[in-house]
Amino acid sequence: MTDTYVPRLLDQELREVLAAHPAALVVGPRACGKTTTTRRHCRSVLRLDVPAQAAVVRADPDAALRGLEEPVLIDEWQLVPEVLAAVKRAVDDDARPGRFVLTGSSQADLSTSGWPATGRIVRLTMYPLVGRERHGDPSSPSLVDRVLSDGADAFGVPVPDWDLHGYVREALTSGWPRAIQAPGDRARDRWLTGYVDHLVTRDAPSLGVARDPSRMRRYLHVLAANTAGVPTHKRLHDAAAIDRATAASYDDLLDHLMITQRVPAWAGSFVNRAMRLPKRYVIDPGLLVPLLRVDHRRVLRDGELLGRLLDTLVAAQLRAECAISVVGADMFHLRDANGRHEIDLLIEARDGQIIAVEIKATSAPSAADARHLEWLHQRLGSRLTIGLLVHTGPRVFRLTERIVAVPVAGLWSATGVDNGM
């Protein structure tokens, strides 16, 4: 442990899980910081990516777990999947809280038949670093929970230095800790390029999904070009020059590895004719750097690319907040069949409350920019807790009673709202 550790949203949730449950499984994309964070909560570590330790566990997983000071971190458990059954047996014999933490990429779900620890291991999800971890207070409750409880008062007064240039830099820097720590743009670009290379040449082939890295790289390029969009399946696989079955296998793999996400269309009662295609996202906007070969200047010259980048940045913040929500929340999008009305993101809590989000690359948002949010409010009434018009300007302010303009930085800042219209 070092003094340079950046606290994560997962820290508080993991503490609570270990205080109440015998075991936790932390999944997330490779290199997002799972090991660094979970080691801070454990007293012993089994690193199964170290051949000598893996050999001991493989020889007798039950014996390997005995006598270790708890909590025990079992890192990269999917490399010796037999250890999962040993954890199950240990928990069955002694269900004291705080005994084991397992980490691994979510490819483990694909490569392991069955899930022998169902009901015994609490699964937690970790994402690349987001704004609240980099610039705000990651120990506070989920923004989703605070908005559902406090409405507009949950939003902060952003640091005045934030502007469009700052948001583009934030997005392109990425949320991977090692990329952020790189000494310059060129070093960061090399790291991100290497990340994608590893994904297509090692991660995917190791699962038997992609035998031709060039085809998968083309498909990733197409997905990156369509991030924050609602393309048809045919448009994607035609653009990548692959068949539909191959594209479907790539989609499943990339979602499980948490490199991409398909945000489903919302199925509210009044939108029976709405578009049902999912909205596509790369999990972190920094992936656009190696996949599309873009930089700060190119983004600011291309309005469509700028909009996609900001939407992907905001989605990354809200995805992480949904993951730690106590009330439970899921993310959707909404677009009617004729395309006249569209909600970029829609967060639905388990009790039916809804937060609707529109994202605009403008520093001076107006009521006209919120027309889709107002359309949704007219149909949902009080079920719409709040509509958020997320923008690149400096202030948090109300547009109507239920619609609030919020700077992107307001998603990770301290509380405070200007009630002026």
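Take region 302-317 and flag every residue that is over 10 Å from the mean Cα position of the chain (by Cα), small (Gly, Ala, Ser) and under 16 Å from residue 279 (Cβ atoms).
307
Is there any pair with a first residue in region 84-96 that is under 18 Å from residue 18 (Cβ atoms) and a second that is at pLDDT 95 or above and surrounded by fewer than 16 Cβ atoms within 10 Å (Cβ to Cβ) whose Cβ atoms are under 8 Å apart and which are 6 or more apart or on different chains, and what are they?
90/62
Among the residues of region 1-58, how many are small (Gly, Ala, Ser), farther than 26 Å from residue 192 by Cα and in contact (Cβ under 8 Å) with a residue 60 or more places away in the chain? Write out each step before concluding.
Start the filter on region 1-58 by keeping residues that are small (Gly, Ala, Ser), which leaves 19-20, 23-24, 28, 31, 33, 44, 52, 54-55.
The next check asks that each one be farther than 26 Å from residue 192 by Cα; those that pass are 19-20, 23-24, 44, 52, 54-55.
Applying the additional criterion that residues be in contact (Cβ under 8 Å) with a residue 60 or more places away in the chain yields 19-20, 23-24.
Qualifying residue count, region 1-58: 4.
If I go through region 125-162 residue by residue, how many of them are part of a loop (DSSP other than H, G, I, E, B), modelled with pLDDT of 95 or more and within 23 Å of residue 298 (Cβ to Cβ)?
So the answer is 1.
Could you please give the count of residues in region 207-221 that are hydroxyl-bearing (Ser, Thr, Tyr) and surrounded by 17 or more Cβ atoms within 10 Å (Cβ to Cβ)?
Kept after step one, since they are hydroxyl-bearing (Ser, Thr, Tyr), are these residues of region 207-221: 214, 219.
If we keep only those that are surrounded by 17 or more Cβ atoms within 10 Å (Cβ to Cβ) too, we end up with 219.
Residues that pass the stated criteria total 1.
Say whether the condition of being in contact with a His (Cβ under 8 Å, 6 or more places away or on another chain) and either surrounded by fewer than 14 Cβ atoms within 10 Å (Cβ to Cβ) or over 30 Å from residue 141 (Cβ atoms) (or both) is met by at least one residue in region 177-195. Can you show your working first?
Initial filter on region 177-195 (in contact with a His (Cβ under 8 Å, 6 or more places away or on another chain)): none.
No, that holds for no residue.
List the helices (runs of 4 or more DSSP H) inside region 237-316, counting only whole elements, that have at least 3 residues being out of contact with any Lys or Arg (no Cβ under 9 Å at 6 or more places or on another chain). Reasoning before the result, please.
Working: elements: 244-256, 288-292, 296-301.
Helices (runs of 4 or more DSSP H) meeting the threshold: 244-256, 296-301.
Quick check on my filter: what residues within region 224-236 are assigned to a helix (DSSP H, G or I) and touching a helix residue (DSSP H, G or I) at 6+ places or on another chain (Cβ under 7 Å)?
Correct list: 224, 225, 233, 236.
So which of 240, 224, 204, 228 is assigned by TED's automatic domain parsing to the domain that holds residue 255, free of Cβ contacts under 8 Å to residues at least 40 places away in the same chain and surrounded by 20 or more Cβ atoms within 10 Å (Cβ to Cβ)?
Numbers: 224 fails: free of Cβ contacts under 8 Å to residues at least 40 places away in the same chain; 204 fails: free of Cβ contacts under 8 Å to residues at least 40 places away in the same chain; 228 fails: free of Cβ contacts under 8 Å to residues at least 40 places away in the same chain.
Answer to the check: 240.
Taking only region 47-70 into account, find how many residues are in a loop (DSSP other than H, G, I, E, B) and crowded, with 21+ Cβ neighbours inside 10 Å. It would help to see each step written out before you state the result.
Looking only at region 47-70, we keep the residues that are in a loop (DSSP other than H, G, I, E, B), and these are 48-50, 60, 66-70.
Of the ones still in play, those that are also crowded, with 21+ Cβ neighbours inside 10 Å are 48.
Result for region 47-70: 1.
Does region 82-101 contain at least one residue that is in the same structural domain as residue 17 (by TED's automatic domain parsing), modelled with pLDDT of 95 or more, touching a Phe, Trp or Tyr at 6+ places or on another chain (Cβ under 8 Å) and not hydrophobic (A, V, I, L, M, F, W, C)?
Taking every residue of region 82-101 in turn, none turns out to be in the same structural domain as residue 17 (by TED's automatic domain parsing), modelled with pLDDT of 95 or more, touching a Phe, Trp or Tyr at 6+ places or on another chain (Cβ under 8 Å) and not hydrophobic (A, V, I, L, M, F, W, C).
The values are calculated or read from the model by the stated rules, or taken from the named source; none is laboratory data. Given the structure is predicted, the values throughout are model-derived calculations rather than measurements. FYI the Cβ positions are ideal-geometry reconstructions off the backbone, even for glycines, and counts take in every protein chain you see.
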